[in-house]
Amino acid sequence: MGRLFGTDGVRGLANGDLTVELALGLSQAAARVLTSGRHADELRAQGKRPTAIVARDPRISGQFLTAAVSAGLASSGIDVLDAGVIPTPAAAFLVGDINADFGVMISASHNPAPDNGIKFFSFGGTKLPDEVEDRIELALEGEKLAPTGAGVGRIRRFADAEDRYLLHLLGTLDVSLEGLHVVIDCAHGAAAGISPQVFADAGARVTVIGSDPDGLNINDGVGSTHLGPLQAAVVAHGADLGIAHDGDADRCLAVDAQGRVIDGDQIMAILALSLKNRGQLTDDTLVVTVMSNLGLKRAMAEHGVRLIETKVGDRYVLEALAEHRLALGGEQSGHIIFSEHATTGDGILTGLQLAAEMARTGRTLAELADVMTVFPQVLINVRGVDRTALDGHAVVAAAVAAEEAALGDSGRVLLRASGTEPMVRVMVEAADQATAESVASRLADVVREQLAV
């Protein structure tokens with residue numbers, strides 16, 4: 001078997017790969033691993049029990065998975081605060097806000113409704129490093145905590161979870177959004193109960209789509225993975241901008257008044273320069289992943305902003321932000337992290353800060369986004385190949401070097417092996433779409449031929 005934890009927790013088909021038994025076992029294993037530190041030991045010495053926050057997105061399977069997780073935690077002597085349906089970044093924030101020992105979010109983010117996932121946040125609301133996830137995986141087969149009598153945990157409703165998070169979001173703003181008309185696409189997900197309210201409370205005029213979750217329609221034709229409805233709504237309503245969330249609201253993409261998509265790289269460019277101009281971009285440095293567009297790199301260089309690149313995944317962006325004590329980082333997909341205000345990507349916070357920069361400067365989103373030119377980017381997933389043979393393969397490396405030499409400073413090539421599938425991702429950027437497509441196609445043919453299984 002491969003590693004149980006992926007890049008963002010444990011994810012799979014609910015009641016298929018992700019069963020009640022697995023959810024129960026994971027929560028019991030996490031209870032042992034995540035309450036083995038000094039803080040939990042001090043609590044137990046005082047006759048108190050550790051506390052965990054459990055939250056979920058609206059998918060129907062989240063109901064039985066929440067029950068299984070809560071049962072596993074309570075049976076391990078953990079008091080559970082059930083926060084109900086809230087965004088992933090809300091769960092992370094609340095762990096730190098009330099000094100809970102850890103948190104559990106049940107969500108499959110942008111995946112379709114039949115999928116679900118379980119991710120853990122440690123004390124302070126931060127994502128777990130790989131080695132801690134590995135310890136939880138090992139603990140699945142180990143002895144469980146099994147207190148009796150008064151030692152078992154209690155399960156209670158976290159009644160003011162939404163209000164705490166909403167007030168936190170509003171507290172990050174230094175300007176009113178009055179005069180802005182925003183269309184918000186909640187992806188029929190966890191943002192539906194919070195994002196429209198916080199934008200309205202901040203002063204914006206709000207139009208909402210994708211805000212009727214029924215447990216089965218999450219991400220279905222709406223949200224950050226399906227931007228068409230948002231583009232149409234922004235134009236139809238004559239709005240100033242559109243904000244698109246995914247199912248658990250940890251990401252944000254935007255649409256300008258003309259209906260043009262503003263992706264995560266463009267949002268980062270706008271926000272990095274906003275922070276820099278206000279003296280809040282630590283060391284004038286932005287953290288991005290290797291997938292960020294060449295246009296972002298050039299724009300930041302022109303404005304004196306240094307970049308630190310990480311592997312793909314917001315957890316690696318978070319690690320770099322923490323290591324270098326930096327203020328801002330994110331991914332092209334719209335996971336944007338403000339270290340001062342959040343311990344993970346927060347789509348609602350990102351949308352608020354983007355709208356705030358429009359209000360602060362009086363400029364349109366299109367004008368702000370003009371700070372960078374987006375280079376055409378083509379991604380081809382080459383399936384059915386030996387991904388483990390990519391690293392150090394002489395023929396593939398030579399083909400990449402030849403294409404890079406031909407592109408020069410006007411483009412770049414990136415080949416990445418999938419972490420979970422027999423697949424290699426070929427990404428090419430170039431000055432025009434035709435060149436990017438032809439280079440990507442040639443390299444995909446080489447990978448397909450050389451790494452065939």
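Assorted remarks:
- Neighbourhood charge, 15 Å Cβ-Cβ cut-off, centred on Met291 and excluding it, Lys, Arg +1 and Asp, Glu -1: +1
- For the range 360-453, convex hull of alpha carbons as volume per residue, Å³: 122
- Working from Cα pairs under 8 Å separated by at least six residues, relative contact order for the range 191-333 is 17 percent.
- Length gained on full extension, Glu302 to Ser441, computed as 0.36 nm times the residue gap minus the Cα-Cα distance: 46.9 nm.
- Peptides 243-249, 85-91 ordered by packing proxy, namely the average of other Cβ atoms within 10 Å per residue, highest first: 243-249, 85-91.
- Only protein atoms count toward the accessible area here, which uses a 1.4 Å probe; on the chain, the carbon and sulfur part of that area reaches 50 percent.
- Computed extension length for Ala146-His226: 24.3 nm, one decimal, from 0.36 nm per residue of separation with the Cα-Cα distance subtracted.
- FRET efficiency, 1/(1 + (r/R0)^6) with R0 22 Å, evaluated for Ala257 and Arg205 via beta carbons: 0.95
- Here the sum of -39500 (n - 2.57) over DSSP H runs of 4 or more residues, divided by the residues of the chain, equals -11500 deg cm²/dmol at 222 nm, to the nearest 500.
- Neighbour net charge for Gly6 - beta-carbon separation under 14 angstrom, K R +1, D E -1: -3
- Using the Cβ-Cβ distance between Glu340 and Val290 with R0 = 30 Å, the FRET efficiency computed as 1/(1 + (r/R0)^6) comes to roughly 0.75.
- Whole-Å semi-axes of the range 404-453's equivalent ellipsoid (Cα gyration tensor): 22, 11, 9
- Measuring max minus min along each principal axis, the C-alpha atoms of the range 260-338 give extents of 34, 27, 18 Å (largest first).
- Positive minus negative residues near Ile98 (Lys, Arg vs Asp, Glu; Cβ under 12 Å): -3
- Shape summary: the range 197-353 maps onto an equivalent ellipsoid whose semi-axes, from the alpha-carbon gyration tensor, are 27, 17, 15 Å in decreasing order.
- Whole-number percent relative contact order across the chain, with pairs defined as alpha carbons under 8 Å at least 6 apart: 12
- Dividing the C-alpha radius of gyration of the range 1-100 by 2.2 N^0.38 Å, with N its residue count, gives 1.10.
- Between His237 and Asp97, the distance separating the two model label sites (each 7 Å from Cα on the Cα→Cβ line) works out to 2.5 nm.
- Solvent-accessible heavy-atom area per residue, rounded to whole Å², over the chain at 1.4 Å: 40
- If the Kirkwood radius is taken over C-alpha pairs of the range 50-141, then at 4 °C and 1.567 mPa s the Stokes-Einstein diffusion coefficient equals 98 µm²/s.
- Length gained when the stretch Asp212-Asp386 is fully extended (0.36 nm per residue, less Cα-Cα span): 58.4 nm
- Kirkwood analysis of the chain, using all unique Cα-Cα pairs, places the hydrodynamic radius at 22.9 Å.
- Convex hull of Cα atoms in the range 132-204, direction-averaged projection (nm²): 8.9
- Cα-based Lys pair tally, the chain, threshold under 18 Å, eight or more apart or on separate chains: 4
- For the range 212-219, the Karplus equation 6.51 cos²θ - 1.76 cosθ + 1.60, evaluated at θ = phi - 60°, returns couplings of 10, x, 10, x, 10, 9, 4, 6 Hz by residue, with Gly and Pro reported as x.
- The label-point distance for Glu309 and Glu421, in a model that sets each label 7 Å from Cα toward Cβ, rounds to 2.4 nm.
- The convex hull around the C-alpha trace of the range 119-244, projected and averaged over every direction, spans 11.7 square nanometres.
The values are calculated or read from the model by the stated rules, or taken from the named source; none is laboratory data. Note that the coordinates shown come from a computational prediction; the quantities given were computed from them, not determined experimentally. All Cβ positions, glycine included, derive from the backbone under ideal geometry; neighbour counts span all protein chains shown. Protein only, heavy atoms only, side chains kept; ligands, DNA and RNA dropped before computing areas. Shrake-Rupley method; radii C 1.70, N 1.55, O 1.52, S 1.80 Å.
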